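To start, the structure under review is shown below, and the notes come after it.
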Amino acid sequence: MEKGKSVSLVLSSGGARGLAHVGVIEELEKRGYHIAEIAGCSAGALVGGMYAAGKMEEFKDWICHLDRLDVFSLMDFTFSTRGFIKGDKVYNALKKVIKDCQIEDLGIPFYCNAVDYISGKEVVFREGSLYAAIRASGSIPTVFQPARYHRYELVDGGVLNPVPLSLLKQADENIVVVVGLNAADSELVVPPKKDSTGRKFISMPAWMVEYRNKMRQYFPEQDKIERPTSLSSIGLMTRSFDLLQDRFSALLIEKYQVDVTVQVARNQAGTLEFYRAEELIEIGREKAIQALDNWENGNLRTE
């Protein structure tokens, strides 16, 4: 293996935006980089775990064939005040495609985190069931019910450590690549209409295109509608948490020696918009190309 091509990869939390991680990984592979270890949080734990298990193609094929209705059908809604989605149905469906395995048996060292909300301590997974770890790491508070794991009740690792650089074991030996999913709007990109092969993501019949064009004469497009400036109490709380997490993520990246940072805007996609998989994968690839071009053109850290 070429010297300087070994990567310690950190995949942050970010809901459906985590599918951009797939595009980043594919671009790293295309350029001949070897991923030596992965630290993931929430959505980063899901994608990182699938890759470490050698099942990225199966996962990508499954997720890219989910439409809005499929995603909705995988949400096992509940009236619980601890989260309005149980979170079991989607993982049970994925297990039918990719079987569970033990983290310590994976081909690539993999670590992910969750938080024991009772003690407030971070719980790090380095062994045991892969799906148990992913389920715990992705238990977004108020959205998914906490995951039960032994004596713990765990929530999303992003609560305490959204960019889990601290989990890496080989950072001093490798290029450290961080993929962040909560960047400012300055990182927004226009969603691509075609994938890397030139195939359109969404193909509509002619009658639907004609109908949509007629409706535009009577109804303004969504992005031109003036949005309310005030927030509800829940919206204000969520926005405040987002701002806090964004700043915390930036501080984590500043604290550690990071070589390549790939940034995807928080507003690029909603938390549960998994039906936009192909589009988000391409956005991840585009952002990775930009970041890696900068790295390879001489933006190397001082040894």
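What the table below lists for this structure:
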read-out: Computed over segment 1-90: relative contact order in percent, which uses C-alpha pairs under 8 Å that are six or more apart; value: 25 percent
read-out: Relative contact order (%) - segment 106-152, alpha-carbon pairs under 8 angstrom, separation at least six; value: 30 percent
read-out: Contact order relative to length of segment 41-95, as percent, for alpha carbon pairs under 8 angstrom and 6 or more apart; value: 20 percent
read-out: Considering only segment 10-130, percent of DSSP beta bridges that pair antiparallel, nearest 5; value: 55 percent
read-out: Protection proxy ranking, peptides 143-152, 128-137, average beta carbon neighbours within 10 Å, highest first; value: 128-137, 143-152
read-out: Potential extension, PHE79-HIS65 segment - 0.36 nm per residue separation minus Cα distance; value: 2.2 nm
read-out: Point-to-point label distance, LEU251-LYS169, nm (Cα→Cβ direction, 7 Å offset); value: 2.9 nm
read-out: Shape category assigned to segment 67-197 from the gyration tensor of Cα positions, a/c cut at 1.5; value: rounded
read-out: Reachable aspartates and glutamates from LYS5, criterion Cα separation under 17 angstrom, eight or more residues apart if same chain; value: GLU26, GLU27, GLU29, GLU37, ASP172, GLU173, ASP259, ASP293, GLU296, GLU303
read-out: Derived scalar couplings ³J(HN,Hα) [segment 81-87; Karplus, 6.51 cos²θ - 1.76 cosθ + 1.60; whole Hz; x for Gly, Pro]; value: 6, 8, x, 8, 10, 5, x
read-out: Accessible surface of segment 88-181, 1.4 Å probe, proportion on carbon and sulfur as whole %; value: 49 percent
read-out: Phi to ³J(HN,Hα) by Karplus 6.51 cos²θ - 1.76 cosθ + 1.60 over segment 58-67, Hz, x for Gly, Pro; value: 5, 5, 4, 4, 5, 5, 6, 9, 8, 9
read-out: For LYS5, solvent-accessible area (1.4 Å; no DNA, RNA or ligand), Å²; value: 30 Å²
read-out: Packing-based ranking, highest mean first, of 41-54, 164-177 given that Cβ atoms within 10 Å are counted; value: 41-54, 164-177
read-out: Filter on LYS95/LYS169; LYS60/LYS99; LYS30/LYS89; LYS89/LYS121; LYS60/LYS121 - keep pairs with C-alpha separation over 25 Å; value: LYS95/LYS169; LYS30/LYS89; LYS89/LYS121; LYS60/LYS121
read-out: Protein accessible area in segment 1-62, 1.4 Å probe - carbon and sulfur %; value: 47 percent
read-out: Calculated Rg and Dmax of segment 141-182 using C-alpha coordinates, Å; value: 14.0, 39
read-out: Cα-based shape type of segment 102-160, given that a ≥ b ≥ c are square roots of the gyration tensor eigenvalues and the cut on a/c is 1.5; value: prolate
read-out: GLU104 paired with GLU57, simple spin-label distance in nm, labels 7 Å along Cα-to-beta-carbon; value: 3.0 nm
read-out: Shape category assigned to segment 40-129 from the gyration tensor of Cα positions, a/c cut at 1.5; value: oblate
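The values are calculated or read from the model by the stated rules, or taken from the named source; none is laboratory data. None of these values were measured; they are calculated from a predicted model. We place every Cβ from the backbone using ideal geometry, glycine too, and count neighbours over all the protein chains shown. Heavy atoms of the whole protein, side chains included, go into the accessibility calculation; ligands, DNA and RNA do not. Shrake-Rupley method; radii C 1.70, N 1.55, O 1.52, S 1.80 Å.
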